[in-house]
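**Student:** Supplied in structure tokens, the structure appears directly below.
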Amino acid sequence: MPSGACCGNTANSHHTIQLTTKEHVMAQNTATIQTNVSVSGMTCGHCVSSVSEELEALDGVKSVSVDLNAGGISTVTITSTQELSPAEIGEAVAEAGYLVVANDA
């Protein structure tokens, strides 16, 4: 279910995310990449689940962590074994009902 359908948001409301940083991390002898995404408009656990589910379906994604700031800017950290393109992230977020407005990757 698109996140625009939850939390009292109308179907025409748009949420925004912004890719803000990318960091390479060595963990257990396996290189991983952490990508931080700023997300606007997430208000509840359903919003978090919708975005997380779509991002976790991308190839190479090991985990998704969300620091929810209900109604404000939330930080989503994607840990992956390969670099994700801004287009991949944007498509996954759009599938959850959100809109990517800028990528700094």
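**Student:** Just to confirm a number: summing +1 for Lys and Arg and -1 for Asp and Glu over residues other than Gly97 whose beta-carbon lies under 15 angstrom from that of Gly97, what do you get?
**Tutor:** After counting each charged neighbour, the total is -4.
**Student:** Continuing with the same structure: What FRET efficiency would be calculated for the residue pair Thr81, Glu53, taking the C-beta separation as r and a Förster radius of 30 Å, to the nearest 0.05?
**Tutor:** Calculated value: 0.95.
**Student:** Taking other Cβ within 10 Å of each residue's Cβ, how do Glu95, Glu83 sort, fewest first?
**Tutor:** Glu83, Glu95
**Student:** Using 0.36 nm per residue of separation minus the Cα-Cα distance, give me the extension gain between Ala70 and Ala94 in nm, one decimal.
**Tutor:** Separation in residues times 0.36 nm, less the Cα-Cα distance, equals 6.7 nm.
No lab work stands behind these numbers, since they all come straight from the coordinates. The structure presented is a predicted model; accordingly, all values stated were derived computationally and were not measured. Ideal geometry is used to build each Cβ from the backbone, glycine not excepted, and the neighbour counts take in all protein chains shown.
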